[in-house]
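Read-outs: derived from the displayed coordinates by stated rules, not from any lab. Source: prediction; values computed, not measured. We place every Cβ from the backbone using ideal geometry, glycine too, and count neighbours over all the protein chains shown.
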Amino acid sequence: MEQRTYKLLDDLILARLHRTPLGSRLAARLLERVVSGKTTHGLPIGFARRLLGDALNIRIDPTQITHRANSRLLPGKKTRIHKLCFVSDGPWDSDPVPIAQVTNISEIFDLIDNGLRYEETESYARRVQAVADGTATKMRGQRVDTPERVHAYFQRQVDLIRSIESNGYRSRDEARHLEANITTVGGAKQERKEAEVGCAVGREGRLLFNRIGKHRFAAAVKLGIRDIPAQINLVHSVWIARIKERLGCSALDALKSGLAHIETPDGDDSTPLSG
């Protein structure tokens, strides 16, 4: 039954229902179902963006966000749904991952600590060894499985860091023309798809890093930048349910109210509307 649910949601997204009035009504109903516990996850991200728009865009102090949402504990891990859903229950927020243990983030830390001389870093050595062992992984949609691609991957990070140091941290719309000549592993198409740094809201209102913009987020943290744009891309259903109970409103209105009060720093109760 769960697999059929995943297929249905994928079909709805592919049909672009989230761009229609019907999609908005369906999204509100899906949200009520997941918040009431009738299903474990729902409200695909496309629907959330239509319903909430700019309410998903926030400013954060990245140096105060110390953990990443644990995607291994999201429902539907073996399907596309864990990457597509905006609202979910589960323990993904109660056992988060320290950001220093996230590979792409630790690589940026390592790179900056070594003065951007990537060939001297342990991260570079691991990538080169992975190529030799045949265990290279994909980055930005392309497998980093040759020495040339390893160099291109690290050069891209060097160029990114230098751009941030020279121009400051910019929103994605502002940064695209500044980064037009940056070496890319996934190509220009992949670069255009990049969104703002992603954040998740746990059941207690705690902000966690989530999936999107690992390199940019890591650079901001390591360079001590205290204010960057971000976008909420995952919310715990329990957080919404607590706000809904407190305010006596719909799940959608509870979600909007909660998002309006999101704040950093990272902590156990970073919004006054959390339960």
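Points worth noting:
- If R0 is taken as 30 Å, the Cβ-Cβ distance between Lys38 and Thr137 corresponds to a FRET efficiency of 0.20.
- Between Ala130 and Gln64, the contour length at 0.36 nm per residue exceeds the Cα-Cα span by 20.5 nm.
- Computed label-point distance, nm, for sites Ile212 and Asn57 using a 7 Å Cα→Cβ extension: 1.2 nm
- The gain in end-to-end length when the Ala260 to Thr146 segment is fully stretched comes to 36.4 nm, 0.36 nm per residue minus the alpha carbon separation.
- Taking 7 Å steps out from each Cα toward its Cβ at Asp95 and Asp173 produces label points 4.1 nm apart.
- For the listed peptides 128-138, 102-112, a ranking on the average number of other beta carbons within 10 Å per residue, highest first, reads 102-112, 128-138.
- Net charge over other residues, Cβ less than 14 angstrom from the Cβ of Asp54 (K, R count +1; D, E count -1): +2
- Relative packing of peptides 233-242, 24-33, 250-259 - highest average C-beta neighbours within 10 Å first: 233-242, 250-259, 24-33
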